[in-house]
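So the structure is just underneath, and the comments pick up after that.
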Amino acid sequence: MNQSIETKEQTKSENLTAQLIEAIVSGEYSPGSKISETELARFFNVSRGPLREAMMRIEALNLVERIPHVGTRVATLSPEKLIEIYAVREALEGMAANLACKNITDQEIAGLEMLLEQHQEHIEQVDGASYFHQQGDFDFHYQIIKASRNSKLISLLCDELYHLLRMYRYQSPSTQSRPTHALNEHFQLLTAIKERDAELAEMLMRRHIKRSRELIENQLIEEGKTNDAE
């Protein structure tokens with residue numbers, strides 16, 4: 001009986017974690033806003049136990065932060081923090097692409113081909129306006145990381161950084177993205193993986209992420225110029 005109750009509580013906590021992640025990532029809870037556990041417990045109709053566990057998981061993902069004498073707030077992603085994250089991604093996802101060439105299955109490659117075809121159709125339908133505001137771009141990266149079969153890489157990239165990057169994509173204006181160029185780079189990367197060319201795949205992945213990082217850096221420069229002009 002106790003074990004059954006414990007299992008139910010754990011399931012509640014996991015479901016609540018997923019709901020809170022999506023709410024934070026999509027901007028339902030805006031960056032910097034305060035989160036009241038009492039209000040959340042009332043809103044989701046859950047006890048404090050499962051909620052506390054869910055909040056601990058979300059804090060571990062760096063989506064919220066506890067500030068002494070203030071409380072829990074939704075994390076705010078600055079461009080400076082993002083540049084650091086992209087530098088880490090450049091190295092680690094390059095390694096993941098390298099390993100994926102050696103470990104990916106033919107079925108997974110076929111899945112990536114279908115995924116990119118769907119992305120291409122989406123970009124053509126919306127003229128590229130919302131590609132990066134969906135999970136599409138990250139789904140491609142996510143699948144390659146999973147195909148690396150390296151549990152530490154998967155943990156670092158898919159658990160710790162994945163949702164932070166998704167949150168930024170929702171917040172950033174579409175003018176900062178380069179959907180058509182990025183999709184072409186995805187196709188090139190997939191070709192390298194299909195040919196099991198590990199060195200080429202690593203180089204293409206690193207260059208792909210570097211270009212995204214440079215977009216953020218250019219944004220910082222432009223914002224600096226604007227502030228100086230004011």
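The values are calculated or read from the model by the stated rules, or taken from the named source; none is laboratory data. Keep in mind the model is a prediction, meaning the values are calculated, not measured. No Cβ is skipped: glycine too gets one built from the backbone with ideal geometry, and neighbour counts run over all protein chains shown. In case anyone asks, the SASA skips ligands and DNA or RNA and just uses the protein heavy atoms, side chains included. Shrake-Rupley method; radii C 1.70, N 1.55, O 1.52, S 1.80 Å.
Worth a mention:
- Filter result for LEU112 (closer than 30 Å to GLU214 by Cβ, out of contact with any Pro (no Cβ under 6 Å at 6 or more places or on another chain) and open to solvent by less than 20 Å² (accessible area, probe 1.4 Å)): yes
- With respect to the conditions (1) open to solvent by less than 70 Å² (accessible area, probe 1.4 Å); (2) part of a helix (DSSP H, G or I), VAL46 falls short on a single one, namely (2).
- Subset of region 184-213 (residues that are within 21 Å of GLN120 (Cβ to Cβ), open to solvent by less than 30 Å² (accessible area, probe 1.4 Å) and over 17 Å from the mean Cα position of the chain (by Cα)): GLU185, LEU189, LEU190, ALA192, ILE193, ALA201, LEU204
- Any hit, region 62-77, residues being under 27 Å from ILE209 (Cα atoms), modelled with pLDDT under 90, not acidic (Asp, Glu) and not in a helix (DSSP H, G or I): yes
- Where helices (runs of 4 or more DSSP H) sit wholly within region 115-177, those with at least 1 residues that are among the small types (Gly, Ala, Ser) and either modelled with pLDDT under 85 or open to solvent by 50 Å² or more (accessible area, probe 1.4 Å) (or both) occupy 136-147, 151-154.
- Subset of region 33-43 [touching a residue at least 24 places away in the same chain (Cβ under 8 Å) and in a helix (DSSP H, G or I)]: GLU37
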